[in-house]
1. What share of Cα pairs, in percent, lie more than 26 angstrom apart in region 27-178?
2. Which log10 I(q)/I(0) values, to two decimals, does region 370-442 give at q = 0.25, 0.26 Å⁻¹ under the Debye formula with one point per Cα?
3. Placing +1 on the Cβ of each Lys and Arg and -1 on the Cβ of each Asp and Glu in the chain, which of TYR314, VAL123, LEU608 has its Cα farthest towards the positive end of the resulting dipole?
4. Could you compute Rg(Cα) / (2.2 N^0.38 Å) for region 387-541, with N its residue count?
5. In nm, what is the difference between 0.36 nm times the number of residues separating TYR630 and GLN160 and their Cα-Cα distance?
6. Starting from the Kirkwood radius over alpha-carbon pairs of region 159-264, derive D by Stokes-Einstein at 37 °C in a medium of 0.692 mPa s and give it in µm² s⁻¹.
7. Starting from the Kirkwood Rh over alpha-carbon pairs, what translational D in µm² s⁻¹ does region 531-652 have by Stokes-Einstein at 10 °C and 1.306 mPa s?
8. Report, in whole Å, the centroid distance computed from the Cα atoms of region 486-510 and region 98-138.
Amino acid sequence: MAETRIHIEKTDTDEETVATNGKLEIRWTKDGELVLLNPHDKRSRVVGGPLFELTPPSGQLRPHTHGLGFDEEAATILLRERFADAHGEGTRLTRRFPVAIQPLVAVWAVSVYDDHEFVRIEVSLRNTGAEAIGVRRMFPFVTGSWWSNIALKLRNRTTQFAVYKNGWQSWSYAGGMPMGTADLRPRQQTLVAWHSPGGADPRQPVTGTVDVVSESVAMVGHADQREALLVGFLSAQVWLGQVYVMREEGACAAAVLTDDVMLQPGETLVTPPLALALGSQRTLLNTYAGAVAREGHARTGRSAPTGWSSWYYYFSRVTEDDITENVTALRSLRGDLPIQVVQIDDGYQTAVGDWLAVNQQFPHGMKAQADRIRSAGYRPGLWIAPFTVAANSRLAREHPEWLVHDGDGHPVKGGKNWDTHLYGLDTSHPGARAWLRDTFETIVHAWGFDYLNLDFLASGALLGERHDATVTRARALRDGLELIRDVVGEGTFLLGCGCPVLSAVGIVDGMRIGPDSAPYWPPRSKGFSAPPGDEHALPSLEGAIRNTITRAWMHPALWINDPDRLLLRERHSELTMDEVRVFASAIGLTGGMVMLSDRLSHLTLERLSIASKLIPGMPERALPTNYFTYGIPDEVAVQIVRPWGRWALLGLFNQERGEREFVVRWSDLGLERGEYHAVEFWSGAYLGLSNIGITVPVAGHSAVVLAIRADRDEPQLLSTSFHISQGGVEIATWSYDRARMEAHWETSLNRQTTGTFTLWVPKDLAPRKLRHTASSATWQRNANGEIAVTAEIRGDAQFTLELEREP
Ligand code: 9PG
C-alpha cells in the first residue's frame, strides 16, 4: 500500500497542488478548481468546484447561486494532514474561501485515501454575518457546463452522455437513462411525495430545469465505453443528496437539499461526504457500495433468508385460516423447498397506524399467529408501516401533534393509499417516540415476531415542521429507524421497504430494492397502462426484474437485497412461463432473498421447482456488463470459482416483445483465449463448443442463463439442473481420476429432488457404468454429444461414472 504523495507543480499560468495514490490523481489549482484524473488514462478529466444556493429574499422567486470568492488566504492550502477514518489512511487538503458578496465562509476539504480510487469531498458553510441566512441547496461539486466549458471529459468525449440513475427509495427506478430518453419523474402528487424528495421538477444549479435527477448517486458515461464518472454521497444521516445531470452538454452536479434551513450567525452547515471516482462503469458502483458500507457500518454477513408472505395472493383480505393453510402446505413441501420465514403482510390491523388494534380477520390475535408459525418450524414475520399514519386511523385522530405538519399546523400529506390520505409520524416528538417503542416492544417481545418488514418508510422523511425544529427530515427518518433497532434488538431481522435507500445502511438486514412484483409484465395504474413518468415505480414484473439487476451492486455490501416475491401461479396471473423464469433468473443470478407469495396449495410441482432451483442463494452475484441501457439490462455476468472448477455464468435478458439474437464473445466476458462449452440452464440445452463465442436467440420477454466452461480435454461437469449456479452450491466436489478413468462427484443440496447433471466426455471415451448412492440414476448420451445423468436424490448423493475407451 503506497502512501498518497503530494507535490506542487507550476504551470504557465498557475500553480497546482497534486495528490496521487496510483489509482487516482487530483490537482487543485491556485484559483480554486479541483481536477480529477485517472492516472492510467489522462484523456479523462473532471474539473469543478462547489456552489451555494441561498433562499430567495421574500418577494423574490429566484434563489441566488454563488460560487467561491477569492482572497489571499484562499490561494493557499490551509491544512495538509494525514488522517485515518473508517475507509483507511490518507491525506486531506483543506482550503478556506469567502463566498461571493455574502458574509459566508466556505471550508472545502478534499481527502485522498492511500488505497481507494475515490476522492472524498466535504464542504462547510459558516455564517460570519449578523443575520440569519437561508440556505436552499449546497453543491459540494459541480462539473461540466455548470462549471466551465469542457470541464467533463471521459476519454475524448465531452457531450452526449448517458446516466445510471438511482431512485430515492425501494420502489423507485434504478437503471440506465441513455441520451434522448425523457427522465422518469412521477407526475401524480402521491408518487412525487414517495419518490422525489426534491420535488417534481428541481431547478438546475443556475437556471432552468435539470435533465436527469438521480438520488444519492449517479454514474455518467457512454454505453459503448468503459470509462465513467461516479458522483455519490456516502451517507444521508442529516441531509439528503441528489445528483443532477445534463446529458447533452455533459454537466453534473451533486446537490445537498438543505431545505431552506436558516443558518444563524456563527453557525456552520456541513455537507454529507461526497465521493467522486473515475473508472470502469462495471466496477464503480461496487467501489461506491464498499465506501457506503464502511461509512455507515452496514450490517452484513447474514445469509439471505427464504420465505413466504401473504400479500400478493390475499392482499389485505388475509385471514388467520389463510396463514394456517399455507403453513401446512409449506410443511408438506419441506423436503424440496426449504422456506424459513412466514410473514404476515398488510391486513391484520384495523387501520394503518393502529398496529396493535388487530381486526376480525385474526380473531385469535397476533401472538397466537406467531406461536403457531414458530411451532410449525418457521420464523414468524410481520409487516408494518411504522412512520405512516392514515388519516382514518385512531392515531391520527387522537394524536395530531405526533404528525409532521405544515406552517399552518395541518398534517403534511405524504401520499394516498388504502383510500385515505397518509401522514408522517414525527419521530422527534417524545409522545410519538414512546408510542413507537411500545408498538415494537409488543410486536417483538410480547407477540414474538422476530422478522419485520418495515414498509412505507419514506413517510418518516416528509418535508415539514417537527416538534424538535433542529431535526432534519433525513435525521428524523434515521432516528426513527435507530429507535426501532434499539427496541427490537440485534436478533430481529429488519427488512426495509418503501425506504430511502441510503438512510437505512447500518440498521436494516435486508432491503427491498425494486417496485412490487405483479402477475403481469408492464406497469399499470387502476387497470390501465400507467402514465409516462409514473410507470417505473408502480407494481410490475418488468420493474421488479429491472431493479433486481440494476441494484444488484448493493448486495451483499449494504444488506441482503430483497427483489420482492417470485409469483409462480398459473391461475390469477397473466405471466407466461418464460416471464416467470425471467424474474427467477434475475433473483437467482443476483443472490438476494427468495420469497414466495402464492396460495401454495394451488401450485404445481413444476412451478415450485423454479423456486427450489434458486435456493440457497449463491454467494456470488452477477452484475450488468452495461449500466447505461434503458430498462432491464441485456446482460449480467459473474465468474464462479470453486476448488474443483471455475466457470462464467451469463444471463441474457430480452425485455422486448419479439425475439432477439444475442451475440456473445468470450473476450467481452474477460475470458482467456480457448475453447468453451455453453449450457443453457432452463432448457438444459448443450449449445456446443467454440473458441470465439456464440449467438443465442432469446424469445421475447424471456431470459437464458448460460454456464460457460473452458474445455479441459477430460471428462468434466458442464451444468446441473438442480440449481441456477450450475454447480455453485449443489456440487460439493468433482474430480476425474485419469488412471482409473472415473469421474466422481458429490452433491451438497440436502434436498429431496430430481434433476440432471450435464457432463462432457471427450470423443474417444464412453461411459461404461454409473455407480451412485442416489435413490435412482440413469445416464444417456444426447444427440449433441453431451452426457445427461438424471438422478433422484434424498438428502445428498455420490456418483461415480466409469469410462472406457471408445472401441
Ligand atoms: C402492502 C404492500 C406490500 C408490498 C409493499 C407495499 O405505488 N404504490 O401505490 C404502491 C402501493 C403499495 C405498495 C407499493 C407501491 O406495496 O411493497 O410488498 O407489503 O405495501 O400494502
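The values are calculated or read from the model by the stated rules, or taken from the named source; none is laboratory data. Every value quoted in this text rests on a predicted model; they were computed, and no experiment measured them. Every residue, glycine as well, gets a Cβ built from its backbone with ideal geometry; the counts of neighbours run over all protein chains shown. Calculation scope for accessible area: heavy atoms of the full protein, side chains included, ligands and nucleic acids excluded. Shrake-Rupley method; radii C 1.70, N 1.55, O 1.52, S 1.80 Å.
1. The calculated P(r) of region 27-178 puts 39 percent of pairs beyond 26 Å.
2. -1.13, -1.19
3. The listed residue farthest towards the positive side: LEU608.
4. 1.09
5. Contour length minus the Cα-Cα distance gives 167.7 nm.
6. The estimated diffusion coefficient comes to 231 µm²/s.
7. It comes out at roughly 104 µm²/s.
8. A separation of 31 Å, based on Cα centres.
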